[in-house]
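The values are calculated or read from the model by the stated rules, or taken from the named source; none is laboratory data. The model shown is predicted, which means the values in this text are computed figures rather than measured ones. In this analysis, Cβ positions are derived from the backbone assuming ideal geometry, glycine residues included, and neighbour counts consider all displayed protein chains. Ligands, DNA and RNA are excluded from the accessible area calculation, which covers all protein heavy atoms including side chains. Shrake-Rupley method; radii C 1.70, N 1.55, O 1.52, S 1.80 Å.
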Amino acid sequence: MPPGRQDPCPCGSGRKYKRCCGGHVKITAARPALAPSEIIAGNRDLLHAAILRFANRRGGPEWIQLAMDTYVDEWYDEMPRDEIQAMLPWALFHWPDDVSGLSMAELFRESDTRRLEPQLRAMLDAEIDAQFSIWEITDTTPGVGIQMKDRLTGVERFVSDTKASRDVRALEAMLARIVDYDGVFTFSGMFPMTLPPFSAEAVILEMKRACRVRTRPVSLVKLRHPERQLELLDRWRSMFDDAPAMPTMTNTDGDPMSFVSDRYDFDAVNKASIVSALLNIPGADTPPVDGDVREIVLTKPDSSSRKSVRVIVIAQIEFQAARMKVETNSIRRADAARGMIEAALGNPVRYRIREETSATAAMNPDVSPMRGSRAPDVAPTPDMQDAVRQFREQYMLDWLDESIPALGGLTPREAAADKRKHKALELLLRDVEYNENRLPISERFDVRRLRSTLGM
């Protein structure tokens with residue numbers, strides 16, 4: 001039983017408990033227990049620091065610079081800061097010493113490591129047994145971990161990582177080292193950028209050829225060879241140097257899609273005459289609401305081969321009190337609409353400002369607006385989102401009949417009819433699905449429609 005506040009303090013001071021040790025007792029909030037992966041990460045930092053100190057003693061202060069130079073080779077003028085998370089584990093665990101042929105971690109293990117705590121010695125063995133490989137994400141549990149498959153060796157792992165599990169998506173491929181320490185799998189080095197399925201497959205095939213295998217899993221002995229480890233990093237990095245540009249979104253005229261809003265002011269008493277003059281423009285029409293014209297659309301005949309559409313809307317004019325807003329989906333259409341409006345109206349309206357947002361920026365708020373234009377005041381409108389969604393849907397359906405180099409020049413429809421091309425076609429469909437998964441759910445194209453059409 002703990003002493004009462006008036007009892008003699010059990011420390012033997014002769015003073016009352018309340019005026020001695022009892023006066024210093026504070027109630028503190030219990031700290032949340034660390035997850036096993038967080039404890040491992042802390043111990044890993046201590047271990048890496050110890051190996052690095054050993055490397056500096058053995059190889060001198062120039063050792064780390066030489067490691068960086070070997071890692072970057074002719075790729076960069078200097079070491080990219082975000083690749084330190086890949087370079088340092090490679091240098092410590094995979095870069096062989098010129099004399100012994102062992103890595104610094106292996107040399108460190110052969111030296112006097114009795115001062116290391118038991119858990120760090122066990123972790124050292126686990127780190128030395130790990131290697132970089134290409135890991136495909138099969139599922140994620142945000143805030144917990146990632147289910148992954150090694151595309152070279154075929155093994156599967158659930159990696160405990162609270163942060164990465166929130167940043168990655170299914171079907172992405174990572175270049176990473178995964179360490180098994182006491183049954184808990186964690187990352188210990190990774191390349192900072194992931195690849196989609198199709199690009200990752202190119203590296204997988206190249207590495208399998210380098211390891212002289214086709215269908216069998218790559219053996220750990222071959223994969224862990226120092227030359228293979230550096231080659232894997234080099235090949236992965238090369239995929240980002242020649243990354244293909246995303247297709248430019250265009251409207252039916254072939255113009256780059258950009259949402260343009262031109263604003264005009266006018267005297268409210270002139271509204272009726274302004275509406276009348278605008279309706280005289282060829283192709284102008286309006287849906288009247290309660291006897292008041294709130295919107296006019298400017299159209300033109302459809303010159304494409306799609307017979308189901310007779311006209312194309314090139315501009316939408318919206319009236320708001322004594323203001324008029326003209327919305328189009330390209331700079332060329334905006335300039336054409338402005339010319340028609342000013343020719344029809346003359347002085348009764350006053351041009352105020354143009355706001356422009358590219359289609360990419362409209363769907364991605366993180367992208368800055370185009371130079372020379374004013375940033376939009378609000379998020380993309382439903383009309384903008386619907387226009388982009390319709391474009392993407394049509395693009396996807398047209399893709400089925402496009403010649404694809406990766407399919408030997410066949411279209412996806414033709415490849416679906418040739419069983420020899422099913423593997424390549426499936427890989428392309430996975431790539432499409434990966435890109436769709438990166439979008440908000442409301443904006444995704446259902447890839448099942450492509451699979452159903454192709455009978456895949």
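Things worth noting here:
- Only one entry of Leu88, Leu66, Leu92, Leu47 meets the criterion of being surrounded by 15 or more Cβ atoms within 10 Å (Cβ to Cβ), at pLDDT 85 or above, out of contact with any helix residue (DSSP H, G or I) (no Cβ under 6 Å at 6 or more places or on another chain) and within 23 Å of Glu110 (Cα to Cα), and that entry is Leu88.
- Checked against (1) out of contact with any strand residue (DSSP E or B) (no Cβ under 7 Å at 6 or more places or on another chain); (2) crowded, with 22+ Cβ neighbours inside 10 Å; (3) under 27 Å from Tyr434 (Cβ atoms), Thr141 meets all criteria but (2).
- Filter result for Glu172 (over 30 Å from Ile64 (Cβ atoms), crowded, with 18+ Cβ neighbours inside 10 Å and touching a residue at least 60 places away in the same chain (Cβ under 8 Å)): yes
- So Glu136, is it within 27 Å of Asp234 (Cβ to Cβ) and assigned to a helix (DSSP H, G or I): no
- Subset tally (residues that are touching an Asp or Glu at 6+ places or on another chain (Cβ under 9 Å) and either open to solvent by 50 Å² or more (accessible area, probe 1.4 Å) or outside any helix (DSSP H, G or I) (or both)) for segment 418-429: 1
- Selection of segment 433-451 for residues being under 17 Å from Leu400 (Cα atoms) and part of a helix (DSSP H, G or I) yields Glu433, Asn435, Glu436, Val447, Arg448, Arg449, Leu450, Arg451.
- Looking only at residues in segment 38-78 that are touching a residue at least 60 places away in the same chain (Cβ under 8 Å) and outside any helix (DSSP H, G or I), the one that is farthest from the chain's Cα centre (by Cα) is Asp73.
- When restricted to residues that are open to solvent by 50 Å² or more (accessible area, probe 1.4 Å) and not in a helix (DSSP H, G or I), segment 190-218 contains 6.
- Failed item in (1) over 18 Å from Tyr181 (Cβ atoms); (2) buried (at least 21 other Cβ atoms within 10 Å of the Cβ); (3) among the aromatic types (Phe, Trp, Tyr), with Phe54 passing the rest: (2)
- Selection over segment 432-446 of residues that are under 11 Å from the mean Cα position of the chain (by Cα) and farther than 12 Å from Arg392 by Cβ gives a count of 3.
- Residue check for Ala245: modelled with pLDDT under 95 and out of contact with any strand residue (DSSP E or B) (no Cβ under 9 Å at 6 or more places or on another chain): yes
- Check on Ser165, over 17 Å from His225 (Cα atoms) and touching a strand residue (DSSP E or B) at 6+ places or on another chain (Cβ under 9 Å): yes
- Test: residue in segment 146-153 that is within 21 Å of Glu227 (Cα to Cα), of a type in the set (Asp, Glu) and crowded, with 19+ Cβ neighbours inside 10 Å: yes
- Selection within segment 80-108 - part of a helix (DSSP H, G or I) and over 22 Å from Arg235 (Cβ atoms): Met104, Ala105, Glu106, Leu107, Phe108
- Candidate set from segment 394-417 (those that are more than 18 Å from Phe198 (Cβ to Cβ) and within 25 Å of the chain's Cα centre (by Cα)); member that is least open to solvent (accessible area, probe 1.4 Å): Leu397
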